[in-house]
Amino acid sequence: MICFWNRKFYAAACAVLLSVLLTLGVAASALPGESNPQPVHEDWDWDMDIDGFFDDWFEGGLYGDGWDDSAPGEDEAEEGQPDILYSRTPPSGGVPVRIRNDQVPTFPASTNTNIPSPNHYPLPKDTIDYVVSGDIEYTSPSGAVFKYRILGSGLRVETRHLRQIEKGPRNNAITSMSFNSSNDRYTYLMLKTEQRVPFSVTYRDTAFQIQFHYTTSAPNSANLSNNNRLFTKAVWEDQSKLTLTFANKHGFMGYRAYYDRTGNLIFRFNNPPKSIKDAVIAIDPGHGGKDPGALGTDRNWPERTINLAIAKKLEAELKKRGAKVTLMNNAGYEREQRAVRARKIEPHMLISIHANTAPSRSAAGTETYFHHPYSSRLAVNSSANVARAMATNNRRARQSHFGVTLLPEFLSVLVEVGFMTNQTEYRKLRDSRYHDRVAAAIANSIEGAIRTANTGEVSSGNRDLGPAPRLSGSDDVESTRPPQGNDTGQEETGPGTSDSPRITSISIEEDYYTVMVGERQEIRTTLRPSRASRSDITWSSSNDRVATVDSNGRVRGIREGTVTITARSRHDSSVRATCEVDVVREGYSDDTDPIEQIFFEYHTLEYSRGDEDQLFYGVEPRDAQDAAVVWTSSNSNIVSVDRNGNVRMRNRGTATIRVASAADSRIYDECTITVH
Ligand SMILES: [Zn+2]
């Protein structure tokens, strides 16, 4: 389970960029000029100790939140490339700074949250740039406070990763480019660069692009020989932008950029393994140690236990197929450390295993999350194949930003195997036969992704796993299911029959049943002694308005809810057994849950008269993302808003836009828009 913060604002990022840039110009002008460097603001703590910045990066809000763009499903992720800002010349009034930590995450300048963008990649330690804004403070939904500054390159980074320096980058020259593809594991690109300038990276299905800022001179383009496993061409444009064309679509498996000991900028790209036998796989069983993850109705099977059971099966399955596998220790490691630990394993792929929960008991199915678009094939495969293994529906691959999926250095997916809150699914999640099937399905998905990386042809890796095992906790115990007669072959003679022995014990075959509204489900029992008559059982429901039960143990769903069904001996009411029955609506549909929290991404926005835009909001819980909302404007003459959150700036002034839950108007958030 992962708490989720639904986001749809991503597409709006570009639209908002302009207004942020306007704001930025104002903020930058308040800073001292580069010719006279001095502390920018007293609250900017240059000497803050930043050991283990990942602890904060992954803390609370970030790891726990997620955003969900449109699910790419069976198709590849949509590219949705933003325009990359290119800074050729230093900003006027910018303060020179150096990136003081390794692999510092960057964020869009067009947002002010801790939500990463799949189009923003980390900057290596010692990159130099200019600060062009004051502190931008953001408080995550979990209460963590983050401070950022915008750099002249258009990237936003946390203030604590910056150190003020004397001189910023200007007129950089990249003087040489070379590739080393002799190593099976990696392809290296080495660039000699006079200054350690910032760069922005763009991944497309066909190419990997690096835009170097403040750069005015670049080496010659090159056609690459056949022994470069990843790229066919390296083309420079505008003396600053390098485009590396892939030899093989879908062949990209992540990269890491760093400065080597002699100061050369190195891009180290993963070569795809030739087969599963060459693959290095890290498996992260979600939760563990003191963190049980989600709790189910069976105290012996919290999420941690389910995740670990499946992870161990996956480890065994992958080893059997010849892969090099590391099962990450899930005891004693907090979740924010996991990506960092995975980085040390240097895998081709990181598979994180979780089980899902939802307020709606009818929610069922698999979901797989990825962050970088080159992980989408693995995510799509995993969601589809695990759904088949679990005999459930495929809720598909979704782009999000859970902590374990953020690093660009390898493929990574977070697989939500099924819902613990759905009793049918929870029983599968505790069944080792299903663990075997899920492990095989994930291993198949990995093999499919490897095949795709080597051939360019899309492969799901799906293999037939055979029919789903029948769900039963008591396959080895004979059922007393009527009306087949009793052990002596005599006909049933009705309640109270004198030649049946009295019941000494009753057990109900399943602990949990799911029945749909209006439908029936028979509760099966095992009696002792085996000759005892089922007709000596009296049945009762804890709530007849939710589900009724007849004298034959047939439950009928009346309306959504959960009841306890009790079977008692008619001769001795202390001889009894119970089970829970979930009554659900219309099968395993994705019900819309009520909104508990709603929030805008931006609480203040500025536009020019005549502008149009769409406002986006997040909700909790995530299953409420389709719940109805109501939009209102405090002054429609200044800003009007329609039912889809489209705003139109009609006149100069200030207006407040409110988005509220249609079901409960007390749940709302507001955004103040100033129109210039
Ligand atoms: Zn979880």
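As a rough footprinting exposure proxy, the listed residues 235, 629 were ranked by other beta carbons within 10 Å of their own, and the order from fewest upward is 235, 629.
Rounded, prolate or oblate for the stretch 258-325? Axes are the square roots of the Cα gyration tensor eigenvalues, ordered a ≥ b ≥ c, and the cut-off for rounded is a/c under 1.5.
Here the stretch 258-325 falls in the oblate category.
Annotation: amide H of residue 614 within the under-5 Å range of 647, sequence separation 5 or more or interchain, hydrogens built in the peptide plane.
For residue 172, nonlocal amide neighbours, meaning residues 5 or more places apart or on other chains whose placed amide H falls under 5 Å from its own, are 215, 216.
Ranking of 190, 177 by neighbouring Cβ atoms within 10 Å, starting from the fewest: 190, 177. Residues whose amide H falls under 5 Å from that of residue 667, counting only those 5 or more places apart or on a different chain, are 661, with hydrogens built in the peptide plane.
Only the coordinates and a few stated rules stand behind these numbers; no lab work does. Note that the coordinates shown come from a computational prediction; the quantities given were computed from them, not determined experimentally. As a convention, Cβ positions derive from the backbone with ideal geometry for all residues, glycine included, and neighbour counts pool all protein chains shown.
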